[in-house]
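Just so you know, all these numbers are worked out from the coordinates, no wet-lab data involved. Predicted model only: the values in this text are computed from it and were never measured. Here the Cβ positions follow ideal geometry from the backbone for every residue, glycine too, while neighbour counts run over all protein chains shown.
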Amino acid sequence: MRKIGISLFLLFVLGTPSVAQQAALPPDAPSKADVLRFLDLMQIRARLEQMMEGMKTGMKTGAEAGFKSKVPDATPAQLEKVDAFTNLVFEDFPLDEMIDAMIPIYQRHLTKSDLDAVVAFYSSPVGKRLLKEQPAMMAEGMQAGQDIMLRKLPELGKRIDTKVAQLVDEEMQKSAPGRKTTSQ
């Protein structure tokens, strides 16, 4: 279930920019250089790296839990192999490509004057403080979210299993011998 959620997230994150790049830019769009200046100010590369680390940590936790459910007496060496595989998944993540894909999105949604005002805010003392504190707030938020998800996953899994079983029963009843269909 966790793999599906992460796969959907990656599909959304990686799939959406290619569609966004195809749309025409408005005449008052900021330049590529303006957007890159903003993304640098916002420390987007560091944020993406932090997000990837959070996802990697979550995947490691999930992969280890899945492995332990199949191999309850897993050794530290076996768990290291699971962790090594997870590290490989994130090893060559295309951060530059993601940043390049973000540029036309900002150009479509913000005007040059909008972006100039946002840059002015983040260049102010309050904006700089927010930028400084944001990584810690993000890390704490991700940890809190992961804790909630890990606590809720078993319940959600049971609910999904129950619903799937109900749907299977309904379909089995529909196709049971002797049942009249609309074509008979």
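For the reader, a short list of remarks on this structure follows.
- Cross-link partners of LYS60 among lysines (Cα-Cα below 16 Å; sequence separation of 8 or more within a chain): LYS3, LYS68, LYS70, LYS81
- Taking all pairs of distinct alpha-carbon atoms in segment 27-157, Kirkwood radius in angstrom: 17.6 Å
- The Cα atoms of segment 26-86 cover 61, 20, 14 Å along the three principal axes, with the biggest extent listed first.
- Cross-link pairs exceeding 22 Å in C-alpha to C-alpha distance, out of LYS56/LYS158; LYS32/LYS112; LYS56/LYS152; LYS56/LYS128; LYS132/LYS152, comprise LYS56/LYS158; LYS56/LYS128; LYS132/LYS152.
- Length gained when the stretch GLU53-ARG129 is fully extended (0.36 nm per residue, less Cα-Cα span): 25.1 nm
- Segment 133-161 versus segment 103-119: alpha-carbon centroid distance in Å: 32 Å
- Model label points for ASP83 and MET149, set 7 angstrom from Cα along the Cα-to-Cβ axis, are 2.0 nm apart.
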